[in-house]
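One structure below.
Bear in mind these aren't lab numbers, they're just calculated from the coordinates by the rules spelled out. As the structure is a prediction and not an experimental result, all values here were calculated from the model. Quick reminder, even Gly has a Cβ in these numbers, built from the backbone with ideal geometry, and neighbours come from all protein chains shown.
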Amino acid sequence: MMKANDPTLKSWITIDKNSDFPIQNLPFGIFKTASLKPRVGVAIGDQVLDLVAVSKLGYFNNLRFDTQVFAKEHLNDFIALGQPLWRSVREKISDLLDASKEELRDNPEAQKKVLIPMSEVQMLLPVKIGDYTDFYSSLDHATNMGKMFRDPANALLPNWKHIPVGYHGRASSIAVSGTNFHRPKGQTKAADAELPVFGPCKLLDFELETAFIIGKPTQPGETVSIPKADDHIFGMVLFNDWSARDIQSWEYVPLGPFLGKSFASTMSPWVVTLDALKPFRVEGYKQEPKVLPYLEYLGKKNVDINLEVYLQPKDGEPFKLCTSNYKYMYWTMEQQLVHHTSNGCNINIGDVMASGTISGPEEGSFGSMMELSWKGTKPIRLPDGSERKFIQDGDTLIIKGFAKKNSTRIGFGECISTVLPAL
Ligand code: MN
């Protein structure tokens with residue numbers, strides 16, 4: 001077990017037992033304040049540890065690296081220093097916050113310099129994203145979509161259990177949690193109409209997803225193997241892959257999603273490291289038929305992450321739309337990454353690879369309005385008496401996620417965004 005993951009560790013900082021950020025988590029993010037420029041921070045309880053300030057006090061001196069990587073607007077330069085260094089930095093931070101270690105615990109002057117209340121920081125997009133890929137790897141989601149749009153008897157297309165299906169998305173419109181966006185406009189065609197029309201999207205949807213962030217690049221022609229896949233993953237975030245269903249359904253044949261997806265995606269600001277998630281690994285689905293050898297894996301490669309989505313109408317209270325879990329993924333992150341590089345396509349630090357909508361087997365665990373309202377045939381009634389088939393202007397969507405095992409609970413914070421009227 002990694003020392004920083006020890007469930008018996010306690011911090012000298014008071015941390016609520018339901019906090020997403022106990023000492024066993026230590027996720028990395030980029031923040032700024034009214035007086036501080038963008039920089040790398042680590043979440044601990046309801047505070048942020050400023051790694052520029054920690055460096056200035058010399059606490060990282062023994063690790064011998066260029067601490068200027070912490071005074072950057074993105075995590076990419078820190079990530080580029082490599083997995084052994086991310087681990088050493090996380091271990092050192094764990095020691096500094098450990099209640100049994102005096103170094104920072106007994107130095108109130110230093111504490112004042114390195115800790116900032118979370119309420120005083122603004123979180124920024126954690127990585128500079130070169131490329132974004134979205135997969136389609138939840139069995140129940142793919143089955144539901146197939147039932148609604150094609151043939152209930154043959155819901156899954158013939159390739160689905162052989163290939164982690166995906167498409168190349170748009171990186172420019174991925175924004176950090178808290179960034180609102182305007183309802184997209186586009187070309188749509190009603191089923192009974194002869195010709196398409198152009199206008200604001202009528203069937204705006206969310207997609208409950210997570211994403212992993214590439215931590216180690218490859219060269220063109222190179223393929224990542226399953227045993228090496230985890231070395232290329234820095235960590236995970238929550239992800240809302242906003243979707244315009246009416247634009248999507250008209251445009252997607254034959255080349256797949258385009259403008260129905262590219263207008264906005266929302267990402268949570270704290271990157272939870274793959275290292276911190278290690279204790280929450282669980283068995284994945286039994287993959288039948290057997291996958292091709294390059295996709296075969298051994299061991300516990302799924303992750304038990306509880307996921308929740310809330311809809312908050314304008315001037316209303318948040319209402320829980322669904323409860324799902326990352327463990328409902330049929331294809332693992334490692335398989336997705338291996339398949340992605342199997343043709344020799346190179347990957348870069350900061351690339352984002354999203355899971356695809358994560359739906360579970362029960363109705364309350366579906367990860368999109370499309371499934372929750374079953375294509376609009378079963379409207380969802382909100383506490384204020386209004387109904388939703390899809391997302392309305394002024395609605396705020398909130399995704400939360402946490403992994404829990406025995407007394408250890410590590411979370412992702414929130415992924416929030418509000419839909420503004422079309423421009
Ligand atoms: Mn998606």
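Taking the highest mean first, how do the peptides 42-49, 367-374, 219-226 order by number of other beta carbon atoms within 10 angstrom per residue?
In descending order of packing, they fall as 367-374, 42-49, 219-226.
Rg(Cα) of segment 136-216 divided by 2.2 N^0.38 Å?
The value comes to 1.42.
Percent of alpha carbon pairs in the chain separated by more than 40 Å?
17 percent
Can you find, among Thr143, Trp242, Thr133, the residue sitting farthest towards the positive end of the charge dipole of segment 132-420, where Lys and Arg contribute +1 and Asp and Glu -1 at Cβ?
After comparing all options, I get Thr143.
For each of Leu36, Leu104, count neighbouring Cβ atoms within 10 Å of the residue's Cβ, then give the residues from fewest to most.
With the sparsest Cβ surroundings first, the list reads Leu36, Leu104.
With +1 on the Cβ of every Lys and Arg and -1 on the Cβ of every Asp and Glu, and nothing else charged, how large is the dipole of the chain about its Cα centre, in debye rounded to the nearest 20?
320 debye
Of all GluC sites (Glu not before Pro) in segment 159-214, which ones are in loop regions per DSSP and have a Cβ with at most 12 other Cβ atoms within 10 Å?
Qualifying residues, ordered by number: Glu194.
If we count other beta carbons within 10 Å of each Cβ, what is the order of Leu274, Leu97, Leu85, Leu195, fewest first?
Fewest-to-most ranking of Leu274, Leu97, Leu85, Leu195: Leu195, Leu85, Leu274, Leu97.
What relative contact order, as a whole-number percentage, does segment 347-423 give when Cα pairs under 8 Å and 6 or more residues apart are counted?
Relative contact order, segment 347-423: 18 percent.
Could you give me the radius of gyration and the Dmax of segment 307-423, taking only the C-alpha atoms into account and expressing both in angstrom?
According to the Cα coordinates of segment 307-423, Rg and Dmax are 17.0, 53 Å.
Amide H to amide H, which residues 5 or more places from Phe181 or on other chains are under 5 Å from it, using H placed in the peptide plane?
It is Thr418, Leu420, by chain and number.
Mind checking the dipole of segment 224-340: about its Cα centre, +1 per Lys or Arg Cβ, -1 per Asp or Glu Cβ, Debye to the nearest 20?
Dipole of segment 224-340, to the nearest 20 debye: 200 debye.
Taking amide H positions as placed 1.01 Å from N in the peptide plane, with prolines and chain starts having none, which residues 5 or more places from Gly235, or on another chain, fall under 5 Å of its amide H?
Ile213, Leu274
What number do you get for segment 200-343 when its Cα radius of gyration is normalised by 2.2 N^0.38 Å, N = residues?
1.20
Using the charge dipole of the chain (Lys, Arg: +1 at Cβ; Asp, Glu: -1 at Cβ; taken about the Cα centre), state which of Gly411, Ser172, Ser365 has its Cα farthest towards the positive end.
After comparing all options, I get Gly411.
Select from Leu96, Val69, Val40 the residue farthest towards the positive end of the dipole of segment 3-124; place +1 on Cβ of Lys and Arg, -1 on Cβ of Asp and Glu, and compute about the Cα centre.
About the Cα centre, the residue reaching furthest to the positive side is Val69.
If contacts are Cα pairs under 8 angstrom and at least 6 residues apart, what is the relative contact order of segment 252-375 in percent?
For segment 252-375, the relative contact order is 19 percent.
Peptides 124-130, 157-163: what's the order by average Cβ count within 10 Å, highest mean first?
Put in order of decreasing packing, that is 124-130, 157-163.
Please work out the C-alpha center-to-center distance from segment 101-133 to segment 159-224 and express it in whole Å.
When both Cα centres are located, 31 Å separates them.
Given H placed 1.01 Å from N in the peptide plane, which residues other than close sequence neighbours of Gly186 have an amide H under 5 Å from its amide H?
Gly199, Cys201
Under 24 Å between alpha carbons: how many lysine pairs meet that in segment 1-101, if sequence neighbours fewer than 8 apart on the same chain are excluded?
18
Dipole magnitude of segment 1-88 about its Cα centre, charges +1 at Lys/Arg Cβ and -1 at Asp/Glu Cβ only, in debye to the nearest 20?
200 debye
Among Asp6, Asp140, Asp241, Asp351, rank each residue by its count of other Cβ atoms within 10 Å, from fewest to most, as a rough exposure measure.
Asp6, Asp140, Asp351, Asp241
Could you run the Karplus curve 6.51 cos²θ - 1.76 cosθ + 1.60 with θ = phi - 60° over segment 240-250 and give me ³J(HN,Hα) per residue in whole Hz, x for Gly and Pro?
With coefficients 6.51, -1.76 and 1.60, one gets 10, 8, 3, 9, 9, 5, 6, 5, 4, 5, 7 Hz.
So which of Lys327/Lys378; Lys128/Lys290; Lys375/Lys400 end up more than 30 Å apart by C-alpha?
Result: Lys128/Lys290 exceed 30 Å.
Whole angstrom only: what separates the Cα centroid of segment 349-383 from the Cα centroid of segment 253-275?
Each part's Cα centre sits 14 Å from the other's.
How large is ³J(HN,Hα), in whole Hz, for each residue of segment 300-315 in order, when computed from phi with the Karplus curve 6.51 cos²θ - 1.76 cosθ + 1.60 and θ = phi - 60°, using x for Gly and Pro?
With the stated coefficients, segment 300-315 comes to 7, 10, 8, 9, 8, 10, 6, 10, 9, 10, 10, 10, 10, x, 3, 6 Hz.
Only helical DSSP H runs with n ≥ 4 go in: add -39500 (n - 2.57) per run for the chain, normalise by residue count and round the 222 nm mean residue ellipticity to 500 deg cm²/dmol.
Calculated mean residue ellipticity at 222 nm is -4500 deg cm²/dmol.
Could I have the simple spin-label model distance between Lys278 and Asn159, label points 7 Å from Cα toward Cβ, reported in nm to one decimal?
Result for the modelled spin labels: 3.6 nm.
Output wanted: per-residue J couplings in Hz (rounded whole) for segment 388-395, from phi through Karplus 6.51 cos²θ - 1.76 cosθ + 1.60, θ = phi - 60°, x for Gly and Pro.
So the J values, rounded to whole Hz, are 10, 9, 9, 8, 9, 4, x, 6.
Rounded if a/c is under 1.5, else prolate if a/b beats b/c, else oblate: with a ≥ b ≥ c from the C-alpha gyration tensor eigenvalues square-rooted, which is segment 3-124?
rounded
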